[in-house]
Amino acid sequence: MSENIYILGIDMLKFGKYPDRTFAQLGGEAALLALDDAGLGVHDVQAMYCGSVFGAYDMTGQRVMREIGQTGIPVTNISNACATGASAFREAWIAVKSGLYDVVLAVGVEKTPRGMLGGHHEGGISPEGLFGSASMPAVFAESGMEHAGMYGTTFEQFAKVSVKNHHHSTMNPKAVYQKETPLEEVMGSEMIAYPNTKLMCSVNVDGAAAAVVVSEKKAREMGLGRAIRVMASALASDPWNPRNPIMPDVNGCTRLAAASAYEQAGIDPGDVSLVELHDCFATAELLHYENLRLCGLGEAGRLIDEGVTALGGRVPVNVSGGLLSKGHPLGATGIANMYEVALHLRGEAGARQVQGAKVGLTHVVGLGTAAAVHLFEKA
Amino acid sequence: MTQTPTDTLAARPALPWIRLDGPEPFVEGRLCKVCGARTAEVHLACPACGARDSIETYRAPTTGRLHAYSIVRRSYPGVPVPFISAIVDLDDGLTLKGNLVQVAPEPEAITIGMPVKMVFGDALGRTDKDGASYVAFFFEPSA
């Protein structure tokens, strides 16, 4: 068993629309970038985990290996809704942690269908608009309104999340959008599912990200110069909650994963320098401030009002632009979040650098439900 | 509820836990005798405590309170909007999701915690490939 596990190389493609590229090409390109970042080649890789939602049934991982070199290593394909990329990364971490391998590649890749995701039903009649809505904007709107009912959180506070994350993305050349969206524009854009307007919904894009996960032995052999230590890797499913799954619960599993991650790392939430969390909708981000214990219950509205989570604040959240503006290619998102955190820990984030970043937290949650929380520090 | 013409197929329940075999439609809840958890869906064991063979069914109450909502103004293609998607906690603790009706689709008209009652009716004219109609439930404000 290897005591410490490191990310030696990590990278992502700019998120956007790649109609002329295959899953394998996108995933392969990210994999090569990550290997280059690590100073390793395909022959060094001993196992590979590939996360994808819409490519899950197509042996995407093996197809990626055909792009970058078919060495015959074990390849496993992972699908876990929006926690897919983080789950693939975690499998790579477990594989190295177990002592079986010294170098494992994790790839997250997605080509996301256009339009609102979901809506398929089999037999009978469609329940959509008959028994409320199962659309993602509405489901996450309801989670936000639950918070509003308990703590008085307002439409404007939810909208401020989108203003902040769009502002952050103006400094991220790999975000699909680099555009300021003032509060009036966010609140005045098309209402999709109150309180989520169009500018408060994440962007369906294509993309890929990859990480090279290595053992302590390999990291020391290659040099710890730019290595990122994995302090914690936690994954949880939704625990029993009387309203779930009638009302999908993204809170319970996030809290479980966060508790496990903080315990593994032996740190407190106050030690975290920056956070990349699952802002699939603006309403969700505020819930996760509390779920990740960046503040107490009911305090998320105040946090966004006071700029605590903006770049320059006490704990900047989604300085990449987040899913709201960097984009959300489901299977790639989890590893892209880790890439962002790694940039800051390495001091390579340019204009959006979080000064003095020591510890980074990444979080994703996929409905159904799966939540992953990882903690990282510079080696 | 809407009368079903006798020369067409009998109306079907739009959800498995809507029961049409009594004098009036009702929702059948499921109660775990071991831990007291309530669900609408059928599971192999109690999802709250894992107990097997612990479930008894019961007739769910028709009154409750609004727990959360969203006013849906864009849904999947072809779905009429706006409508209010509501999460309702019934008085016994069972949670259901449905349309909140008889209320303007404006935040000012909706209060979380407001008392609501469940009413049954035709599933907005929706029919399946056999031409069968369906019975659904809706929530409306109660005084």
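Using a 10 Å cut-off around each Cβ of peptide B:103-110, what is the average number of partner chain Cβ atoms that fall inside?
Working: counts 0, 0, 1, 1, 5, 0, 0, 2.
Per-residue shielding by partner chains comes out at 1.
Taking each residue as 0.36 nm, the span from residue B:44 to residue B:102 lengthens on full extension beyond its C-alpha to C-alpha distance by 17.1 nm. When each of the peptides A:34-45, A:262-273, A:339-350 is scored by the mean number of other C-beta atoms lying within 10 Å of its residues, the order from highest to lowest reads A:339-350, A:34-45, A:262-273. Peptides B:45-51, A:320-326, A:231-237, A:173-179 ranked from most to least packed by the mean count of surrounding Cβ atoms within 10 Å: A:320-326, A:231-237, A:173-179, B:45-51.
Set the bar at 23 Å for Cα to Cα. Now go through A:14/A:160; A:111/B:129; A:14/A:111; A:17/A:174; A:174/A:198; A:17/A:160 and name every pair that lies beyond it. Pairs exceeding the cut-off: A:14/A:160; A:111/B:129; A:17/A:160. Unpaired cysteine residues in the protein assembly as shown (no second Cys Cβ under 4.7 Å): A:50, A:82, A:201, A:253, A:280, A:295. Net charge of the neighbourhood of residue A:132, taken over other residues with C-beta under 15 Å away and scored Lys/Arg +1, Asp/Glu -1, is 0. Between residue A:66 and residue A:179, the C-beta separation translates, for a Förster distance of 22 Å, into a calculated FRET efficiency of about 0.05.
Once backbone amide H atoms are built at 1.01 Å from N, residue A:359 has A:273, A:274 as its partners under 5 Å, excluding neighbours fewer than 5 places away on the same chain.
Hey, with R₀ at 41 Å, roughly what FRET efficiency would residue B:140 and residue A:57 work out to, going by the Cβ-Cβ distance, to 0.05?
The pair residue B:140/residue A:57 has a calculated efficiency of 0.45.
Potential lengthening of the chain between residue A:306 and residue A:25 amounts to 96.9 nm, from the contour at 0.36 nm per residue minus the alpha-carbon distance.
Here the protein assembly as shown was treated as a single set of alpha-carbon atoms; its pair distances binned every 20 Å from 0 give 23, 51, 24, 2, 0 percent.
For residue B:91 and residue B:53, what does the FRET efficiency come to when R0 = 25 Å and r is the distance between their Cβ atoms, rounded to the nearest 0.05? Provide the component values of the computation, followed by the final result.
Working: r = 27 Å, r/R0 = 1.08.
With R0 = 25 Å, the Cβ-Cβ based efficiency is 0.40.
Shape verdict for the range B:12-141, please, from the Cα gyration tensor: rounded (a/c under 1.5), prolate (a/b greater than b/c) or oblate. Because a/c hits 1.5 or more and a/b fails to exceed b/c, the range B:12-141 counts as oblate.
Between amide H atoms placed 1.01 Å from N, distances below 5 Å from residue B:12 occur with B:133, B:134, B:135, all of them 5 or more places distant or on a separate chain.
The mean number of Cβ atoms from other chains found within 10 Å of a Cβ in peptide A:133-140 is 6, as a whole number.
In terms of the mean number of neighbouring beta-carbon atoms within 10 Å, the peptides A:96-104, A:15-23, A:279-287, A:188-196 order highest first as A:279-287, A:188-196, A:96-104, A:15-23. Taking the DSSP bridge list for chain A and keeping only pairs wholly inside it, about 75 percent are antiparallel.
Coordinate-derived values only; no laboratory data. Everything numeric in this text was worked out from a predicted model, so none of it was measured. Reconstructed Cβ throughout: ideal geometry from the backbone, glycine too, with neighbour counts over all protein chains shown.
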